[in-house]
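Below you'll find the structure, written out as structure tokens, and then a few comments.
Every number here is computed from the coordinates shown, using simple stated rules; none is lab data. Here the structure is a predicted model, which means the values were calculated and not measured. Neighbour counts run over all protein chains shown; Cβ positions are idealised from the backbone, glycine included.
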Amino acid sequence: MNIDSGAGAQSPRGTAPFSVVLFDLDDTLFAHRHAVDTGVAAHIHRLGGSLAAADAAVELARWHDLEEKHYHRYLSGELDYIGQRRARSRAFMEPYGITLKDDRAADAWFDDYLVEYRRAWTLYDDSVPCLVALQAESLRIGIITNGDLGFQSGKVAAAGLTPYVEHVVASGEVGWPKPDARIFERACEAFGVEAEGAIYVGDRLASDALGATSAGLTGIWIDRAGIASTEELARAADAGVTVIRGLDELPALVAARG
């Protein structure tokens, strides 16, 4: 693996044969939401007191909202990577009257959460079979992720993805988060292919599938839960984006046009 600084399924668009398949990491190959839910629940239980007695579903939803809010502040450059962690920790504890007054306290709180989060790391069941099938067809595989390169690369290694992944391109290293076309272009450069020769698969319509399509790649949106709205499906169809429910559908889609 190289670390680079720099509704029903439709057939992928385009006429050029594909040689590269690129993936988002979190909630595409890697079960991030599951790990977060498990990690937060375990951390809350360990903290005890009024926090442990709180409505777990409400607190998990609140944590996810804080992750969305402050992680996007990091992606926009408003906060650095550690800063967004501290902001999430402080905001999560505020309703309980607990103030993480200094950075050391906020870092310690988040580090304790990370212990539980890491214990819950896992891939989706369809991830490795999909990658094996793609490699069997001589397709090259990479990852484009919005995040810190070191942390995400560690996740790739710990999850056992290293044998399948040739390049990891992370926004924290190159400076452009998805859906900026430049991060998709950088990934194609790493593989030495034109955008038309690459497919990109991700769980977010706007930043993943539409972002990739705008950059000239073939965008595929994985909607595992099947919760896409009529409006979202229409946006995907208008852009020529393929919608799938699982990665088990991907090898046949790629082979059909490759």
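Give the residue list of trypsin sites (Lys or Arg not before Pro) in segment 82-126 that are DSSP loop and have at most 15 other beta-carbon atoms within 10 angstrom. Counting only loop positions with at most 15 other Cβ atoms within 10 Å, the trypsin sites (Lys or Arg not before Pro) in segment 82-126 are K101. In deg cm²/dmol, rounded to 500, what helix-only [θ] at 222 nm does the chain give when every DSSP H run of at least 4 residues adds -39500 (n - 2.57) and the total is split over its residues? Computed ellipticity for the chain at 222 nm equals -14500 deg cm²/dmol.
When each of W63, W221 is scored by the number of other beta-carbon atoms lying within 10 Å, the sequence from fewest to most is W63, W221. Out of G142, T162, L210, whose Cα points farthest toward the positive end of the dipole of the chain (charges: +1 Lys, Arg; -1 Asp, Glu; placed on Cβ)? Going by the Cα projections, it comes out as T162.
Decide, for segment 121-193, between rounded, prolate and oblate: order the square roots of the alpha carbon gyration tensor eigenvalues as a ≥ b ≥ c, take rounded if a/c falls under 1.5, and otherwise choose prolate if a/b is larger than b/c, else oblate. Here segment 121-193 falls in the oblate category. Distance from the Cα centroid of segment 195-225 to that of segment 143-162 is 19 Å (rounded to whole angstrom). Counted by neighbouring Cβ atoms within 10 Å, the residues S171, S19 run from fewest to most as S19, S171. Would you please classify the overall shape of segment 55-157 from the alpha carbon gyration tensor, given that a ≥ b ≥ c denote the square roots of the eigenvalues, rounded means a/c under 1.5, and beyond that prolate means a/b larger than b/c while oblate covers the rest? Prolate shape, in that a/c is at least 1.5 and a/b is the bigger ratio. Taking a ≥ b ≥ c as the square roots of the Cα gyration tensor eigenvalues, with a/c under 1.5 meaning rounded and otherwise prolate when a/b beats b/c, else oblate, which class fits segment 55-104? Since a/c reaches 1.5 but b/c is at least a/b, the shape of segment 55-104 is classed as oblate. With no solvent and one equal point scatterer placed on each C-alpha of the chain, evaluate the Debye formula and give log10 I(q)/I(0) for q = 0.16 Å⁻¹, two decimals. Each listed q corresponds, in turn, to -1.19.
At full extension, D103 and A252 could sit 48.7 nm farther apart than now, given 0.36 nm per residue minus the alpha carbon distance.
May I ask you to derive the FRET efficiency for Y81 and A237 from their Cβ-Cβ distance with R0 = 30 Å, giving the value to the nearest 0.05? Computed FRET efficiency for Y81 and A237 comes out at 0.25. A simple packing score, the average count of other Cβ atoms within 10 Å per residue, orders the peptides 244-254, 206-216, 174-184 as 206-216, 174-184, 244-254, with the highest score first. What lysines does K178 reach when the alpha-carbon gap must be under 18 Å and sequence neighbours fewer than 8 apart in one chain are set aside? Candidates past the 8-residue exclusion: K69.
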